[in-house]
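What follows is a short report on a single structure.
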Amino acid sequence: MGHPTINKNLTKQDTAKHNLNNYEEIRGDFSWDKISRKIDWFDNEHINIAHVAIDSHLKTERKNKKAMIWESKKGAVEEYTFADMARLTNKFANVLVNEAGIVKGDRVFFFLERVPEIYISILGTLKAGGVIGPLFSAFGPEAVKDRMFDSRAKVLVTSPSLKKKIAEILPELPCLEKIIIVNRGNDSVDAGDISYEKAIEDASEQFDIVKTHKEDYAIMHYTSGTTGKPKGAVHVHQAVIGHYATAKYVLDLQENDMYWCTADPGWVTGTSYGIFGPWSNGITQAIYEGGFSTKKWYSFIERNKVTVWYTAPTAVRMLMKSGEEVPKEYCFDSLRYMCSVGEPLNPEAVFWGEKVFGMPFHDNWWQTETGAIMIANYPVQDVKPGSMGRPFPGIYPGILDDQFNELPAGVEGNLAVKPGWPSMFRTYWEKEELYQSCFKNGWYITGDKAQKDEDGYFWFVGRADDVINTAGHLVGPFEVESVLIEHPAVAEAGVIGKPDPIVMEVIKAFVSLKVGHEPSEELMHDIKKFVTKRLSSVASPREIEFIPSLPKTRSGKIMRRLLKAKELGLPLGDTSTLEDD
Ligand code: PRX
């Protein structure tokens, strides 16, 4: 397979100090039932994520421990203890129930910057029995509409500027009843909207938390597929068992840690490991409002004395790009453990971590659908740079052939996982058939290709479908193509992922124009701007190539595979279904 060799130097750690101190022993002895008893249930059947993450600590000495140290883009700092979080989330739950009429199961969506209120309102919604739907603040109107329309969301929590950005689609959401505006100091809100600040001030601190059933829906994250619009992966309240267990054993979170997860709550990493995993373990989180910035990130680690850091390969590669001199200006003595997820972590990045921070990045693998980490490198195991690591205790992945039979070590195939862990998605929102189609022969088929080696380490090979992974964000080509063809000059569009050394893949669009339009630089910019505005900058093509017509099957389906093969200079493969000229 040409794998890099095991680098035993990368594991000079004191085994006894880690939560998972013996992989084989903990894996052998692990049961979800047993670990679930470590968190606070209402009774055998009822559990609420927000209770586990926040209120359960009020009975302990963590009550006045800091839950969140938040830093704004401009450097303002706000701190919240677990008791503060309990009080504020109760208030928000009261606002939802009394002023927005939320009942159990209603969907509440969040289109908000990474401010403290997003954490408070997400947890408050769960307390009220609502189902949370966090959205990236970078989304454009079309992306927000698709998700909120599909989920029939009843409440939207947003900010004045973000509301303005999507104003045109709000009338197209018939189920949306209330908008809660987080205005951070500016007190006027549009007529009919609820002012977050005012409502929180007036609301009671007492709230009788909804005693949700372990299988009640709690979380929705939209994720992209090859065909169709993004679909809502739905998770239930007992998913928190998975968040808790993996944050403990993979992220190795311990009582005195200062933990930083760089992911936005619009991404599943930003909820599973930016909210539920750390707080169910009672850990203090440092949260930075802003996006990527080499210097700001380094100084954030230094200033907050971050001990455990969870980030993404694109970010690591961008740090690498800024060189080895910049980090020398900062002190990273506090750091003790670093993890990464979302895309393949190349061996160079693992070694770079060792060189600059004195420790490797520990890669791990999972998906929106799996809800929690499935495969990981652990502090006490040898890191094989380039490998995603070994299965989490209680998780049984396999590599399958195309008939869904398990393959031996060393053979590439479909990465699948035996179903039955607490944080596994329970459905795609109102797309049960699509959900069922993910299960074959007793396995959940992940859509990734991988192989495992003789030591049980898994190695990522690629996606089995057309989904594009750009800087850790999954983008469905169909979603981008649909917006492209809405542009007045575009007749047809085909979208592929093109390999890129920093962000893994960039989006490339092949476009044919309507009669009367000619290719030009200006038109190219205009089309890119159009997609950014409608969907998001992440989904906007980095490259556009104008071609007279797109290769299609006889049934009219655009052959992305062919576009990709041509782009990369690969063999064209079977073209027998290609439409005649
Ligand atoms: O293709 C895999 C890639 O990201 C996909 C999941 O993306 P998403 O649902 O957005 O979940 C993000 C939260 C992890 C996977 O199917 N992926 C994720 N982790 C890795 C990875 N590819 C390679 N190596 C990884 N460690």
Pick from PRO393, PRO379: which is away from the ligand (no atom under 15 Å from the Cβ) and at pLDDT 95 or above? PRO393
Selection count, the stretch 405-425, where residues are open to solvent by less than 50 Å² (accessible area, probe 1.4 Å) and either hydroxyl-bearing (Ser, Thr, Tyr) or farther than 19 Å from ASP453 by Cα (or both): 5
Conditions first: (1) within 16 Å of the ligand (Cβ to nearest atom); (2) buried (at least 16 other Cβ atoms within 10 Å of the Cβ); (3) not aromatic (Phe, Trp, Tyr). LEU484 passes all but one, so which condition is the exception? (1)
Among the numbered criteria (1) within 13 Å of the ligand (Cβ to nearest atom); (2) not in a loop (DSSP other than H, G, I, E, B), which single criterion is violated by PHE425? (2)
Could you check the stretch 301-347 and list, in sequence order, the residues that are open to solvent by 20 Å² or more (accessible area, probe 1.4 Å), assigned to a helix (DSSP H, G or I) and away from the ligand (no atom under 15 Å from the Cβ)? GLU302, ARG303, ASN304, MET318, MET320, LYS321, VAL326, LYS328, GLU329
Take the stretch 286-300 and flag every residue that is touching a strand residue (DSSP E or B) at 6+ places or on another chain (Cβ under 9 Å) and assigned to a helix (DSSP H, G or I). LYS296, TRP297, PHE300
Pairs, first under 23 Å from LYS231 (Cβ atoms) in the stretch 151-174, second open to solvent by 80 Å² or more (accessible area, probe 1.4 Å) and part of a helix (DSSP H, G or I), C-beta under 8 Å, six or more apart: GLU172/PHE149; LEU173/PHE149
Please give the strands (runs of 3 or more DSSP E) falling wholly within the stretch 444-503 in which 3 or more residues are free of Cβ contacts under 8 Å to residues at least 60 places away in the same chain and either farther than 30 Å from GLU24 by Cα or of a type outside the set (D, E, K, R) (or both). 490-500
Restricting attention to the stretch 348-360, and to residues there that are touching a residue at least 40 places away in the same chain (Cβ under 8 Å) and within 16 Å of the ligand (Cβ to nearest atom), which single residue is nearest to HIS18 (Cα to Cα)? PRO360
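The values are calculated or read from the model by the stated rules, or taken from the named source; none is laboratory data. The model shown is predicted, which means the values in this text are computed figures rather than measured ones. As a convention, Cβ positions derive from the backbone with ideal geometry for all residues, glycine included, and neighbour counts pool all protein chains shown. Accessible surface is based on the protein model in full, side chains and every heavy atom, while ligands, DNA and RNA are left aside. Shrake-Rupley method; radii C 1.70, N 1.55, O 1.52, S 1.80 Å.
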